[in-house]
Number of protein chains: 2
Amino acid sequence: MKTLETLNVSPPEENSRRRELIEAAARLFRDQGYERTTVRDLGNAVGLQSGSLFYHFRTKEEILVAVMALGISRTTEQLAEAIAAARSAREKLAALFHVHLNSLLGDNQAALEVMLYEWRSVSESSRPGLIVLRDRYEALWQSVLDEAASQGLVKTDTRLLRRTLLGSLHWSVQWYREDGELTVDQLAERMMALVLTD
Amino acid sequence: MKTLETLNVSPPEENSRRRELIEAAARLFRDQGYERTTVRDLGNAVGLQSGSLFYHFRTKEEILVAVMALGISRTTEQLAEAIAAARSAREKLAALFHVHLNSLLGDNQAALEVMLYEWRSVSESSRPGLIVLRDRYEALWQSVLDEAASQGLVKTDTRLLRRTLLGSLHWSVQWYREDGELTVDQLAERMMALVLTD
DNA sequence: GTCTATAATCAGATAGAC
DNA sequence: GTCTATCTGATTATAGAC
């Protein structure tokens with residue numbers, strides 16, 4: 001049985017300094033990209049000299065991996081809670097859209113966006129741990145979609161449906177504007193309406 | 001009336017050396033990312049010393065912009081042709097999926113993928129020209145979706161539908177495998193089936 | 001047009017003092 | 001834990017010969 005540690009993914013009990021750094025890095029990586037963000041930028045953001053970062057992380061890439069792991073883990077937790085609280089297949093289906101979009105488009109959740117768009121900067125050796133986390137998240141999706149399909153709420157090609165829906169949702173960061181005509185939850189409802197069979 | 005030149009987008013008549021460089025850059029940028037690809041890598045790929053590149057392009061970023069412009073322009077042309085050849089709204093709808101996926105997943109079309117995933121490395125001053133090209137492509141999509149909706153082929157929320165579909169298709173590069181169970185055209189058919197109202 | 005050589009800058013990471 | 005100082009190497013871009 002592989003543990004998260006052997007997969008180079010940070011343990012859940014981050015001390016506060018590490019956590020603060022990860023949150024700041026998430027915003028910088030989202031806004032400027034990982035490669036364009038320097039360790040000096042990171043230090044500035046938390047009031048440290050660049051050299052001091054390397055007391056907390058061995059390499060810059062380790063920070064990236066920690067950001068991604070946080071982004072996907074936190075979203076998975078939120079989805080699991082929302083599913084547990086839902087009282088019907090239809091409510092579970094709605095949870096997929098609402099949790100994902102709020103996580104991606106919400107104020108302080110840059111980490112998930114980094115997970116989606118900076119994959120290429122993750123070294124081969126760090127990927128397996130992140131893939132495990134991603135697969136857990138997608139497994140939740142798959143089970144909800146399968147239940148929804150069995151009740152005729154959505155089409156039955158649920159594996160492809162999962163991939164296309166996740167693509168649709170991920171892409172929303174490219175065009176959604178907070179000051180636009182739709183709130184995040186309204187957007188979630190309308191995106192769900194597009195896949196309901198009726 | 002703005003011309004393409006004033007928007008810093010390359011003219012269509014590229015000389016062969018420029019074109020060769022752009023094609024090589026497209027593959028490198030897709031595989032390694034723009035920031036991780038050095039001008040030495042680019043020179044190597046076409047048998048030039050890194051310094052010689054700057055006879056053809058003023059900056060590295062100019063190469064990125066040329067790659068993106070080529071990717072979206074070529075895809076737009078192909079879509080326009082396919083739409084013109086289609087004999088029904090249904091065939092036009094199918095063209096959206098087939099052209100986009102073949103452009104994105106096909107052998108030598110790395111340029112479109114770069115357009116989608118390296119946007120953050122484009123300077124503010126270069127964006128307007130690329131946005132014009134992107135808008136032309138999306139306008140084609142919108143007109144086809146509107147016609148399809150008017151015939152009841154798809155749901156009527158076509159503006160959101162356009163955005164979700166494009167997101168779905170773009171994301172396919174993250175999971176589609178050429179050696180998998182589906183050809184690109186089979187995938188196109190199944191993705192279209194997911195949005196047909198029936 | 002392409003080469004060689006190099007300027008000018010900036011990157012990630014380390015060592016040792018405090 | 002954090003700072004200062006710095007090492008080492010890489011990067012884009014330029015200048016001038018051919």
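Summary table
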{"read-out": "Positions within the range B:152-196 being of a type in the set (S, T, N, Q) and within 24 Å of A:E189 (Cα to Cα), in sequence order", "value": "B:T156, B:T158, B:T164, B:S168, B:S172"}
{"read-out": "Qualifying position, being of a type in the set (A, V, I, L, M), over 17 Å from A:F29 (Cα atoms), free of Cβ contacts under 8 Å to residues at least 24 places away in the same chain and surrounded by fewer than 19 Cβ atoms within 10 Å (Cβ to Cβ), among A:A149, A:A80", "value": "A:A149"}
{"read-out": "Residue in the range A:115-123 that is in contact with a Ser or Thr (Cβ under 9 Å, 6 or more places away or on another chain), in a helix (DSSP H, G or I) and either surrounded by 18 or more Cβ atoms within 10 Å (Cβ to Cβ) or free of Cβ contacts under 8 Å to residues at least 12 places away in the same chain (or both) present", "value": "yes"}
{"read-out": "Qualifying residue in the range B:134-154 (condition: within 13 Å of another protein chain (Cβ to nearest Cβ), within 29 Å of A:E118 (Cβ to Cβ) and of a type in the set (S, T, Y))", "value": "no"}
{"read-out": "Which listed residue is more than 10 Å from chain B (Cβ to nearest Cβ), among the small types (G, A, S) and closer than 23 Å to B:L160 by Cα, from A:G180, A:G129", "value": "A:G180"}
{"read-out": "Condition broken by B:E61, with the remaining ones in (1) without any contact (Cβ under 8 Å) to a residue 40 or more places away in the chain; (2) within 7 Å of DNA strand D (Cβ to nearest atom) satisfied", "value": "(1)"}
{"read-out": "Answer residue from the range A:20-37, given it is more than 11 Å from DNA strand D (Cβ to nearest atom) and outside any helix (DSSP H, G or I) and is surrounded by the most Cβ atoms within 10 Å (Cβ to Cβ) among those", "value": "A:Y34"}
{"read-out": "B:E14 vs. criteria modelled with pLDDT of 95 or more, more than 14 Å from DNA strand D (Cβ to nearest atom) and surrounded by 14 or more Cβ atoms within 10 Å (Cβ to Cβ)", "value": "no"}
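The values are calculated or read from the model by the stated rules, or taken from the named source; none is laboratory data. Keep in mind that this is a model prediction, so the values were computed, not measured. When we count neighbours, we look across all protein chains shown, and the Cβ atoms used for this are built from the backbone with ideal geometry, even at glycine.
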